[in-house]
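What follows draws every value from the coordinates through simple rules; no lab data is involved. Source: prediction; values computed, not measured.
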Amino acid sequence: MPLAPEYQAMFEQVAAAGPTPKLSELPLAIAREGYRMSRPVNSELAVHAIEDISIDGPLGDIPLRIYRPTGAGPFGTLVYFHGGGWVIGDVDTCDSVCRQIATLANVVVVSVDYRLSPEHVFPAAVDDCYAAVQWAAEHGAELASNGKIGVAGESAGGTLATVMTHMARDQDGPALAFQGLFYPVIEAAMERESWHRNGTGYLLEREIMTWFWETYCPNPSDRQDPRTAPIEAASLANLPPALVVTAEFDPLQDEGKAYAEALTAAGSSAVLLPCDGVVHDFFATAALFECSRQPFLTTVEHIKSHLN
C-alpha cells in the first residue's frame, strides 16, 4: 500500500520548508524540545482527571502522571512508557495518547517519566519503570483498580513494556494481564529487511537509531542484554497476552513482527496488528489523521478486552 495521503502531504510540506538538522545533530536540549513540539500536549482532548505525583525510585523520585476516566471504577490499570529512544521524550510527549486511552478504554493510565540517557544510561530507565509497575500493583486502592494491570508503550517505551513482563515473571513480581507493544524496538542489529526498505525518509532513520543506541548503551555489550533487546531473552514463555502494533513505513516493522512470532512460538499469546500506509510514531497523529485513528481505535479495543 502507498504511504497514506496525510503522511505524504506532511512529508511534502516538510521538504518544501528546506533541509533541517537531524535530531542526532542537535544539542540534546534542543533535540528534546523539538520532540516535545512534534508531540504537543492537547488540552482539548477529553479526560476526566489528571494528577501529577512522584514516587520513590531506585535513585530518587520518579514522576508519574495519572489519567482517570469518568466514574468510580473499578478500572483496569495501564502503566505507560513514552517513546524517544531512551534519550528524548517525557510524559508530555505521550500526553495526548494517554488522555485518549484513559477515556476510550475506560482505564486508569499511569504514565512514567523515567530517567533518560546520557545523564542516566542503561539500566536506569528499566529500573525506574519496574519501580512504577510495582507501585501501581501496591496502590490499587488509590487507583480504583479492578486488579488487572497492563503495560504498554511506544517505540523505546514498547521495549520497556515487554521487558517489564520478563522481569515480573522472573522476579515473582506483579501479575500482568496485558502488554501493548506499539512499534517497539526489539533488537540493536538494524539488519532486517525493513531497515533497508525504510531506513531513511520515514521519520525514524538509521542514523537517529544509532545515536539512540550509542547514547543509551555506550557499552556495546549492553545492546545484547534482554533488557534492551528483548528478543534475546532466554525464554519468551509464560508472558501476558501481547498486542504488537507495526507500521508499514517503519524500519522497526520486521523486528516487531519477528518478536510477535517468537512470543507465539514460545507459547505466549501475541496478536500482530500490521498497519498499512503509516510511519513510525503514528499514534502521535491519532487525533488528527484517519489513517492513524483506525488502528489506534483497534488498539483501544484490545486494551479494553484485557483490562476491563
Run the helix sum for the chain: -39,500 (n - 2.57) per DSSP H stretch of 4+ residues, divided by residue count, reported at 222 nm to the nearest 500 deg cm²/dmol.
-11500 deg cm²/dmol
When the expected Rg is taken as 2.2 N^0.38 Å, what fraction or multiple of it is the alpha-carbon Rg of the range 1-120?
1.25
The chain, relative contact order in percent, only Cα pairs under 8 angstrom and at least six apart counted
18
Whole angstrom only: what separates the Cα centroid of the range 1-69 from the Cα centroid of the range 172-228?
18
Near residue 22, which lysines are there with a Cα under 23 Å away, not counting those fewer than 8 places off in the same chain?
none
Residue-wise HN-Hα coupling along the range 269-275, computed from phi with Karplus coefficients 6.51, -1.76, 1.60 (Hz; x: Gly, Pro)
7, 9, 10, 9, 10, x, 10
Semi-axis lengths (Å, descending) of the ellipsoid that matches the C-alpha gyration tensor of the chain
27, 22, 20
Under 5 Å from the placed amide H of residue 57, counting only residues 5+ away or on other chains, we find 62
